[in-house]
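Each reported figure results from applying straightforward, stated rules to the coordinates on display, with no laboratory input. What you see is a predicted model, and the numbers here were worked out from it, not measured in a lab. Cβ placement follows ideal geometry from the backbone for every residue including glycine, while neighbour counts extend to all protein chains displayed.
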Amino acid sequence: MYFYRKKDKGIEFPEDILIETTNRCNARCVFCHHPKMKRPLTDMSDQLFLKLLGDLKGMTVKTVTPFVSGEIFMDKKIFDRLKLLNHELPGVGIVIYTNGSLLNEEAAEKLSGIKNIRLINFSLNGFEREDYKKRVGLDFEQVVKNIRNVVRLNAGRRFADKITVASVEYGKEDKVKNKRYNDAFCRFCAENFPGVEVKVGYKYNFLSRIFSARGFKDIYCPHLKSMAILANGLVSLCCMDMEGEYILGNANERSLMDIFNGSLAREYRHHRKSHMVPCRSCNMI
């Protein structure tokens, strides 16, 4: 069972690329490992970003997501990078994950000029000011205002194919409390962002760092069809490896195709989660 495309001579091609242009974040989400992350906070160099775009030109990639950990708009060069991505890879879609706090009117105007945006996902994670402050640590009213503005702008200009607003459930074993929160969040979003898809997901448990009541599924993980390039150029196992503890290769020194087709990356893709460390302790999917 495979989750990536295969071509002649056994060469395997990823479809989705995650590029961490920055690992800085202005939120302190209680369900995320980032506040405790030990990796140095940094931005990707221009030299490395250009090198990655060059690698991708021959890889028939479907989408690029400028994110692994952190908040995309903490990268002061992000709009220049997105324009460069449009220019160098004109047929490649862009996926954006953001908490929305920095996407003010000026930033939204700049974003509306970017082409090929397939998805903008707002990680809202709350529907009441005080609870949001505890869970996320940002200005709730400002974030809601920013999301409303982007939704309004997109209704007129259609620069993004799709916008979603998402939350992580409380994740406690109290299913009644979870359902109460999920329903209230969906109602709030329907009232404030009409026509936008709303998603409530579960907590992801990677290496038992975040409590999650969700069980484990022994599958061939579809996330291994992607590549996650950290800000320093190291290619981590997947988007869940925020600390970069399981490295498949160094994109500063090797091509992305070489790393994706390396023996270590293939071994992970070709085995069920139960056979591999750390996948056997991850409940994502």
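Overview of results
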item: Label-point gap, in nm, between Lys177 and Lys57 - each point 7 angstrom along Cα→Cβ; result: 5.5 nm
item: Amide hydrogen neighbours beyond the local backbone of Asn121, cut-off 5 Å, H modeled; result: Ile96, Tyr97, Thr98, Thr164
item: Potential extension, Asp139-Lys36 segment - 0.36 nm per residue separation minus Cα distance; result: 35.0 nm
item: Per-pair calculated FRET efficiency, R0 = 51 Å: Asp258 and Ala184 via Cβ, rounded to 0.05; result: 0.55
item: Under 5 Å, built H, 5+ apart or other chain: amide partners of Leu234; result: Ala251
item: Phi to ³J(HN,Hα) by Karplus 6.51 cos²θ - 1.76 cosθ + 1.60 over the range 123-140, Hz, x for Gly, Pro; result: 8, 7, 6, x, 9, 9, 4, 5, 5, 4, 4, 5, 7, 10, x, 10, 7, 4
item: Distance in nm between pseudo-label sites at Glu105 and Ser45 (7 Å out along the Cβ direction from Cα); result: 4.0 nm
item: Cβ-derived FRET efficiency at R0 35 Å, Lys77 paired with Glu15, nearest 0.05; result: 0.85
item: HN-Hα J in Hz across the range 64-76 - Karplus 6.51, -1.76, 1.60, θ = phi - 60°, x for Gly and Pro; result: 10, 10, x, 5, 10, 9, x, 10, 3, 7, 6, 7, 5
item: The range 78-164: C-alpha gyration tensor shape, a/c 1.5 cut-off, then a/b vs b/c; result: prolate
item: Listed pairs Lys62/Lys162; Lys36/Lys133; Lys134/Lys162; Lys51/Lys77 exceeding 21 Å between Cα atoms; result: Lys134/Lys162
